[in-house]
Amino acid sequence: MTPKILAIDDDRVFLNSLQKMLAFKEYNVDVLSNSNKVVDQIVAKDYDLVLMDVKMPGKSGIELFSAINSHKPTLPVIMISGQSNIQIAVDLIKKGAFDFIEKPLEYEKLFISINNALTRKSLIQEKNVLFEELEENFRMVGVSPQLTKIVNTIKTIAETKAKVLITGESGTGKELIAWAVHHNSKRSGKPYIKLNCASIPEELLESELFGHKKGSFTGAYNNYKGKFIAADGGTLFLDEIGDMSINLQSKLLRVLEDEEVQAVGESASVKIDVRIVAATNKNLEVEILNGKFREDLYHRLNVVKIEVPPLRERKEDILPISYLFLKKYTDIYNKKISSFSPKTEAYLNNNPWRGNVRELRNFIEKCVLFAKRNEIGFDVVSEIISTKFDAKEEVNNENLRIAKNKFEREHIISVLNKHNWKVLESATALGIDRAHLFKKMKQLSIEK
């Protein structure tokens, strides 16, 4: 799409010349010489850039810039000034104007500035779209006193550097809360890095966290900076922290105390500025008594503790969350479903949802898929809860290899769910080693 530029100057001869030059570069240009019409023009049309003289009859450049900025804060403004008005232009740069160009214009310099301004605007728009998508995906929905307390805690501590420990059953939304802490902090524009400590083999987790030097161990073909360096200036979310080995806990504690990280194979340490948010579905105090978690690390992480209750203990949140997922999946599957029947709502409210929000989300997705009307009735619910995989029937309709893979995949997913996707525990339950389970998960396209 051709960028739209508004050029503002009281010199009509200059405006006409500027318009021709910009049109030659295939920009869509409107010109305006009356300063009193600027705000109306800005509001009426969606411009990508404004070129404006510092000194205009009727209103000063500072007044005009403030008016533009209040209506369109992301709209870049390039100031054009004569020699006598340079100080005003500099002051406007400090207030947020993108650039200033002196008269008489050097058009090559002007075109470079325009290109840079349009690129910056595009990046800001992309970032805003990304944050809107993230806010939609990570929206905290509910009306329960428990959720209200969590939201208020996040607002209180988000802008501090305090470490946060989030506890709760699997599927309760601990990752959502971690992201909300980051997004509401002064670090929101900086990296937000996630790492699930239970999903990576112990021998690789140290390298994943702290990085490694090329050649420091078998398979280290390149330098790797690690999650701490990647999160520098931002937030590192350590999920399932309770599954980290005691040995690695000691190294993590040292990093938190010294605020510096040493990559595997390196002799020097690097200073870091990283906020830690950790989460676990284990009772770490019990793990400490059992010798599986370091007490000193626990106190380091447990500066602010946010306990997320299971969904069954905050029933007021079930329907608001259900309607959020209903909208999400009707949009995805292009269906026009606006509500649940009263009987379906009663079922949603009274089901224990042992898998918490994750289980509820999957259930609503299935409801949307199977629904035939604009309301999800209890007939759809009954069909979903009564449907079971019949292995014998599948074998009759598919060849043995396909049936075997399907059964194996279902069984592995079932075991992973039972053990909250902890790979080591699941592998032990399946009677195979962890590396074999990772290989099977890759072969059968199993992802959490």
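Nothing in this text is a laboratory measurement; each read-out follows from the coordinates by a stated rule. No experiment lies behind these values; they were computed from the predicted model shown. Heads up, the Cβs are rebuilt from the backbone with ideal geometry, glycines too, and the neighbour counts pull from every protein chain shown.
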- Enter the Cα centre distance for the pair the stretch 11-73 and the stretch 302-352, rounded to the nearest angstrom. 49 Å
- Note on the structure: Taking only the Cα positions of the stretch 273-382, the convex hull volume per residue in Å³ is 147 Å³
- Fewest Cβ neighbours within 10 Å first, please rank V357, V304, V181, V143 accordingly. V143, V304, V357, V181
- Note on the structure: Exposure proxy check on M52, M140: fewest-to-most Cβ neighbours within 10 Å is M140, M52
- Message: If neighbour count is taken as other Cβ atoms inside 10 Å, put Y47, Y333, Y323 in order from fewest to most.
- Response: Y333, Y323, Y47
- Evaluate the Kirkwood expression for the hydrodynamic radius of the stretch 1-129, namely the inverse of the mean inverse distance over all pairs of different C-alpha atoms, and round to one decimal in Å. 14.6 Å
- MRE, 222 nm, helices only [DSSP H, n ≥ 4, -39500 (n - 2.57), over the chain, to nearest 500]: -15500 deg cm²/dmol
- Under a 10 Å cutoff between Cα atoms, tell me which one of R373, R275, R358 has the largest fluctuation in the Gaussian network model of the chain. R373
- Item | For E260, distant residues with modelled amide H under 5 Å away | I272
- With x for Gly and Pro, the residue-by-residue ³J(HN,Hα) of the stretch 415-429, computed from phi through the Karplus equation 6.51 cos²θ - 1.76 cosθ + 1.60 at θ = phi - 60° and given in whole Hz, is 5, 4, 4, 4, 9, 6, 6, 8, 5, 5, 5, 5, 4, 4, 5
- Hey, what does the equivalent ellipsoid look like for the chain, semi-axes from the Cα gyration tensor as sqrt of 5 times each eigenvalue, largest first, whole Å? 52, 32, 23
- Message: List the pairs from K121/K225; K161/K305; K149/K418 whose alpha-carbon separation is above 22 Å, in the order I gave them.
- Response: K121/K225; K149/K418
